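Chemist: Questions regarding the structure given below will be posed in turn.
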Amino acid sequence: MNVYDGQKMADLLKVHGYTITEYPEDADVAILNTCHIREKAEHKVFSDLGRLSTIKEKQKKINQDSDMIIVVGGCVGQAEGEEITRQAPEVDMVFGPQSYHRLPEMLAQIKQKSKGKRSKIVDTEFPTISKFDSLPVAYETPVSAFLSVQEGCDKFCHFCVVPYTRGAEYSRPANQIIEEAKHLIRLGAKEITLLGQNVNAYHGEGLNGKEWTLGRLIYALAELNGLKRIRYTTSHPLDMHNDLYEAHRDIEQLMPFLHLPIQSGSDRILDMMNRKHKISDYLKIIEKLRNARADIEFSSDFIVGYPGETDNDYQHTLELIKKVGYVQAYSFKYSPRPGTPASILEAQIPEDIKTNRLAQLQNLLNEQQLMFNKSKEGKTLEVLFDRQGKLQGQIVGKTAYMQSVTLDGDSSLFGNFLMIKIKHGYRNSLSGECV
Ligand code: SAH
Ligand code: SF4
């Protein structure tokens, strides 16, 4: 979602004559679009600010008149607000994820004031008018595009800052989403990933004026000519509605790969996390999805070392991973976040235990991922190529299961679906030949 928001900021500023530079040394404005989900992400913001401040000084040495504007946007901006300008005086502007549509206006304000002494702008409001109504259309798109359909969260899991930083759940009306999808397809998008913090909690106004679910929205998007692949992320087990299963059963373009986070394999921990469902519910969902679409595969998020997690709880998580068999996953050490209920629990788990649990869990997940990738050797898969590879003369694409595939070729193949016979399956990628 930060990638999507970042693109939208670029689109907004393009109208006002700004372009993106690859080199921070050349920038008149530097915007950090930040993440607050774990402590590590937050620390990164402050080290990046240090680096930008050095660049700004260097710019000044070369050109006395230069005065780079430094901006912190996104969820760290939302959570920390003015505190950021106290800790990092070089920051001129702070805003949250719901107010970035006002970016051009705020920049103009700062520039006007910069004739005298610059005053700071901090905007962490949750405006009553949706920012989506004021965002411009995209100027360009990657072949594989993101499209935000839902934002925010009302679930308040005890470890998570999202409800505080992104605000309450909001679903965009279907007509706005369909128009944006059409526009992206016209610009060359072949694949669209629908985004939301709880994307399947989507309940926007449908084309018929009634509330639509995510499943219903996907049926409508599947009608659009030229859209070859549809995905959605991140979904929550509590919001799996019947028409979403039906969409997986009926819609060829809906990819047979689902990121469905469970966090822990222990009912006791799920309860303490306020996840409001049990392991058995999750396993039933997986089974229903497999019945709807036999070739579907899963990924998940896991947190190890949640306060109070015993070795027995942790063993249950390993068992669940073995039972489901994931083709990919993200896993994290629990990170206490300010203002969340879990952060003040006494039973915090020592760092070394978290580290050991994470390493063992990641070994298991890595094994599963390698096994899945190896199982594709000798098979022919459809791959959408969209990126330059690390090596000269190499390009990279994605399979239906989000596996990266490398191929000898050049950028003229971007946007093409090619049939690739897989020669090697590695842990993080596949390689093969065009057939
Ligand atoms: N809405 C999604 C997840 C959004 S946050 C869901 O409920 O599944 C993305 C992931 O970050 C979470 O799934 C969780 O695994 C991780 N995460 C969130 N808060 C965290 C914390 N305090 N410590 C460690 N990991 C965290
Ligand atoms: Fe955070 Fe997801 Fe829980 Fe919402 S449902 S509070 S985004 S982990």
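Chemist: Once amide H atoms are placed 1.01 Å from N in the peptide plane, what residues at a sequence separation of 5 or more from Y232, or on another chain, have their amide H within under 5 Å of its amide H?
Modeler: Residues meeting the amide H criterion: L194.
Chemist: To continue, here is another question. What does the convex hull of the Cα atoms come to per residue for the stretch 2-123, in Å³?
Modeler: 104 Å³
Chemist: In addition: Per 0.36 nm of contour for each residue apart, how much would the distance between K288 and D243 grow if the chain were fully extended, relative to their Cα-Cα spacing?
Modeler: Details: separation 45, 0.36 × 45 = 16.20 nm, distance 1.20 nm.
Computed gain between K288 and D243 is 15.0 nm.
Chemist: Go through the stretch 81-98 residue by residue and turn each phi into a ³J(HN,Hα) via Karplus (6.51, -1.76, 1.60, θ = phi - 60°); whole Hz please, and just put x for glycine and proline.
Modeler: For the stretch 81-98, the Karplus curve yields x, 4, 3, 5, 5, 6, 6, 10, x, 6, 7, 9, 8, 10, 9, x, x, 9 Hz.
Chemist: Give the accessible area for F257 in Å² (nearest 10); use a 1.4 Å probe, count only protein heavy atoms, and leave out ligands, DNA and RNA.
Modeler: Probe radius 1.4 Å; accessible area of F257 about 30 Å².
Chemist: Binning at 10 Å from 0, report for the stretch 230-312 what percent of all alpha-carbon pair distances ends up in each bin.
Modeler: Going from the shortest bin to the longest, the percentages are 16, 49, 25, 10, 1.
Chemist: May I pose another question? So what are the stretch 366-435's ellipsoid semi-axes, whole angstrom, largest first, if each one is the square root of 5 times an eigenvalue of the alpha-carbon gyration tensor? Display every interim value, and only then the final one.
Modeler: Values: eigenvalues 74, 29, 20 Å².
The answer is 19, 12, 10 Å, longest axis first.
Chemist: Give a quick list of trypsin sites (Lys or Arg not before Pro) in the stretch 326-435 that DSSP marks as loop, anything other than H, G, I, E or B, with at most 14 other Cβ atoms within 10 Å.
Modeler: Loop-located and lightly packed - K379, K390, R427.
Chemist: Which cross-chain or sequence-distant (5 or more) residues have an amide H under 5 Å from the amide H of E297, H modelled 1.01 Å from N in plane?
Modeler: Long-range HN contacts for E297: F257, L258.
Chemist: Over 21 Å between Cα atoms, which of K390/K423; K8/K190; K155/K323 qualify? Intermediate values should be presented prior to the final figure.
Modeler: Working: K390/K423 19 Å; K8/K190 19 Å; K155/K323 27 Å.
Flagged as over cut-off: K155/K323.
Chemist: Considering only DSSP beta bridges where both residues belong to the stretch 131-374, give the percentage that are antiparallel (nearest 5). Mind showing how you got there, number by number?
Modeler: On the way: 3 of 24 bridges.
The antiparallel fraction comes to roughly 10 percent.
Chemist: While we're looking at this one, here's another question. If r is the Cβ-Cβ distance from E211 to S66 and R0 is 51 Å, what FRET efficiency results, to the nearest 0.05?
Modeler: 0.50
Chemist: Then there is this: Using a 7 Å offset from the Cα along the Cα-to-Cβ direction at both N2 and K58, what is the distance between the two label points in nm, to one decimal?
Modeler: With each label placed 7 Å out from Cα toward Cβ, I get 2.3 nm.
Chemist: Could you give the Stokes-Einstein D for the stretch 172-311 in µm² per second, using the C-alpha Kirkwood radius, 37 °C, 0.692 mPa s?
Modeler: After rounding, the answer is 203 µm²/s.
Chemist: Output the pairs from K278/K421; K14/K60; K131/K333 with a Cα-Cα distance over 31 Å in this structure; if there are none, say none.
Modeler: K278/K421; K131/K333
Chemist: Using only Cα atoms, locate the centre of the stretch 259-298 and the centre of the stretch 35-78, then give the distance between them in Å, rounded to an integer.
Modeler: Here the two parts' Cα centres lie 39 Å apart.
Chemist: In whole Hz, with x marking every Gly and Pro, tabulate ³J(HN,Hα) for the stretch 411-425 from phi via Karplus 6.51 cos²θ - 1.76 cosθ + 1.60, θ = phi - 60°.
Modeler: Rounded to whole hertz, the list is 5, 5, 8, 4, x, 9, 8, 10, 8, 10, 7, 7, 9, 10, x.
Chemist: Loop only per DSSP, at most 13 neighbouring Cβ atoms within 10 Å: give me the GluC sites (Glu not before Pro) in the stretch 4-42, ordered by residue number.
Modeler: Listed in order of number, the matching sites are E22.
Chemist: Additional query: With a probe of 1.4 Å, find how much accessible area the chain has per residue, and write the answer as a whole number in Å².
Modeler: Numbers: 20710 Å² over 435 residues.
Computed with neighbouring chains in place, this is 48 Å² per residue.
Chemist: Compare L345, L103 by solvent-accessible area with a 1.4 Å probe and give them largest first, with all protein chains kept in place.
Modeler: Per-residue accessible area, sorted high to low, gives L345, L103.
Chemist: Carbon and sulfur together cover what percent of the accessible area of the stretch 65-131 at a 1.4 Å probe radius?
Modeler: 47 percent
Chemist: Considering only protein heavy atoms and a 1.4 Å probe, what is the carbon-and-sulfur percentage of the accessible area of the stretch 380-434?
Modeler: 48 percent
Chemist: Taking all pairs of distinct Cα atoms, average 1/r, flip it, and tell me the Kirkwood hydrodynamic radius of the chain in Å to one decimal place.
Modeler: Radius from the Kirkwood sum: 23.5 Å.
The values are calculated or read from the model by the stated rules, or taken from the named source; none is laboratory data. Predicted model, so just to flag it, every value in this text is computed and none were measured. Methodologically, a virtual Cβ is constructed for each residue, glycine included, from the backbone with ideal geometry; neighbour enumeration extends over all protein chains shown. Protein only, heavy atoms only, side chains kept; ligands, DNA and RNA dropped before computing areas. Shrake-Rupley method; radii C 1.70, N 1.55, O 1.52, S 1.80 Å.
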